[in-house]
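The values are calculated or read from the model by the stated rules, or taken from the named source; none is laboratory data. All values derive from a computational prediction rather than experimental measurement. Don't worry about glycine lacking a Cβ; one is built from the backbone with ideal geometry, like all the others, and counts go over all protein chains shown.
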Amino acid sequence: MEDFPRDTLLSVKSLSVHFPLPDSETAVRAVDAVSLELRRGETLALVGESGCGKSTLARAIVGLRGPTSGEVWFDGAPMAPLGTRARRALCRRIQMVFQDPDASLDPRRTIASAVAEGVELHETRSRGAVERRVLELLESVGLDAALRARYPHELSGGQKQRVCIARALATRPDLLVCDEAVSALDVSIQAQIINLLSDLRDRFQLAYLFITHDLRVVRQIADRVAVMYLGQIVELAPTQALFERPLHPYTRALLAAVPNLDAARREPVAALSGEVPSPASPPSGCRFHPRCPFVMDRCRREAPRAYERGQRSARCFLVESEFGQNADPEFGATS
């Protein structure tokens, strides 16, 4: 990629992941021409309803699923094809923390064994050095060294997720992809894990791609937010700007659905009607138009591009006013 910015760690260009349907010429378009960038040390949150393609996008980025088309660049170089030696070497620098720690941890392995695996594969096999590194990693995620001999079923949910984070850190990565990493935890434990991730980001200069459906969590940890709907990014903005003045109707509806989230500062927003369309047969024009309270005839005919200004972008005709023409003073206004 020409002129790859020095502060950009990850760049996704027109990435698509389609799943062909058996005995059919159609395909489920789980991810459709998504582009985004992640800077070094930044936390980018990816939000949207279940089934919008968030997890599929994450798995394509880390190499757990091959893309149908598009490119992923990491630290100025294209990601090597799946299965190659270069791709395996890159796995050290990109790690993933999954939603369910019970499914992530082998019940037959001790905590020390689970954390040590990455150290042994990518750093050293010296027994003493591995043991010291394991203790260091457990301490970094707030776990007592006495837990190293225990098995996953002997730990709480929060402790198990801390083990998963320690295991991800074992390879000294630059990027952690957190796929709903706190959604299975109690609210009080969620706050502890969010604080831990924030501390680790600062301590180890990590970047996060943080996937969640919980906008309350997003506000605590993210620098920027990408809103995804039916396989596409429909809005991208710095976190504070997005919460204070969402531009896309879908973003507004998501924020309005969060209980007690600055409710006094925003005018009421009509609830979304209808169901999410099938990604195997997305609507013509704007994909959100069947559920949008601001729908126009143009929305049914044309697919809006991503209108951009500064650090913000939105895939909606109503925000053309934000970029110089056809002003709509009511849309996006705050009370």
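Numerical summary
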item: Residues that are more than 30 Å from Ser11 (Cβ to Cβ) and within 20 Å of the chain's Cα centre (by Cα), drawn from the stretch 174-188; result: Ala184, Leu185, Val187
item: Cβ pairs under 6 Å, 6+ apart, first in the stretch 278-304 and among the aliphatic types (A, V, I, L, M), second assigned to a loop (DSSP other than H, G, I, E, B) and surrounded by fewer than 19 Cβ atoms within 10 Å (Cβ to Cβ); result: Ala280/Thr26
item: The stretch 126-173, residues that are part of a loop (DSSP other than H, G, I, E, B) and either of a type outside the set (D, E, K, R) or over 22 Å from Arg87 (Cα atoms) (or both); result: Ser126, Val141, Gly142, Leu143, Asp144, Arg150, Tyr151, Leu155, Ser156, Ala170, Thr171, Pro173
item: Subset of the stretch 141-179 (residues that are without any contact (Cβ under 8 Å) to a residue 40 or more places away in the chain and among the aliphatic types (A, V, I, L, M)); result: Leu143, Ala145, Ala146, Leu147, Ala149
item: All positions within the stretch 57-88 that are among the basic types (Lys, Arg) and outside any loop (DSSP other than H, G, I, E, B); result: Arg59, Arg85, Arg87, Arg88
item: Leu176 surrounded by 16 or more Cβ atoms within 10 Å (Cβ to Cβ) and either assigned to a helix (DSSP H, G or I) or touching a Gly at 6+ places or on another chain (Cβ under 9 Å) (or both); result: no
item: Residue tally, condition more than 27 Å from Ser14 (Cα to Cα) and either touching a helix residue (DSSP H, G or I) at 6+ places or on another chain (Cβ under 6 Å) or at pLDDT 95 or above (or both), over the stretch 298-335; result: 4
item: Any pair with Cβ under 9 angstrom, 6 or more apart, that starts in the stretch 112-134 at a residue that is within 12 Å of Arg92 (Cα to Cα) and ends at one that is among the polar types (S, T, N, Q) and crowded, with 22+ Cβ neighbours inside 10 Å; result: Gly118/Gln95
item: Failed condition for Leu105, given (1) within 27 Å of Arg162 (Cα to Cα); (2) within 18 Å of the chain's Cα centre (by Cα); result: (2)
item: Pairs with Cβ under 7 Å, 6+ apart, first in the stretch 211-235 and on the phi > 0 side of the Ramachandran plot, second part of a loop (DSSP other than H, G, I, E, B) and aliphatic (A, V, I, L, M); result: Leu230/Val276
item: Which listed residue is among the polar types (S, T, N, Q), within 18 Å of Cys178 (Cα to Cα) and either assigned to a loop (DSSP other than H, G, I, E, B) or not assigned by TED's automatic domain parsing to the domain that holds Ser156 (or both), from Ser50, Ser24; result: Ser50
item: Filter result for Ala33 (in contact with a strand residue (DSSP E or B) (Cβ under 8 Å, 6 or more places away or on another chain), of a type in the set (A, V, I, L, M), surrounded by fewer than 22 Cβ atoms within 10 Å (Cβ to Cβ) and part of a strand (DSSP E or B)); result: yes
item: Filter result (surrounded by fewer than 16 Cβ atoms within 10 Å (Cβ to Cβ) and modelled with pLDDT of 90 or more) within the stretch 241-277; result: Ala241, Glu244
item: Test: residue in the stretch 197-208 that is part of a helix (DSSP H, G or I), over 19 Å from the mean Cα position of the chain (by Cα), in the same structural domain as Pro290 (by TED's automatic domain parsing) and more than 19 Å from Cys52 (Cβ to Cβ); result: no
item: Selection from the stretch 151-173 of residues that are surrounded by 17 or more Cβ atoms within 10 Å (Cβ to Cβ), of a type in the set (Gly, Ala, Ser) and more than 18 Å from the chain's Cα centre (by Cα); result: Gly158, Ala166, Ala170
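Yes/no per residue for (1) small (Gly, Ala, Ser); (2) more than 27 Å from the chain's Cα centre (by Cα); (3) under 19 Å from Ile193 (Cβ atoms):
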site: Ala112; (1), (2), (3): yes, yes, no
site: Ala116; (1), (2), (3): yes, no, no
site: Ser140; (1), (2), (3): yes, no, yes
site: Ala149; (1), (2), (3): yes, yes, no
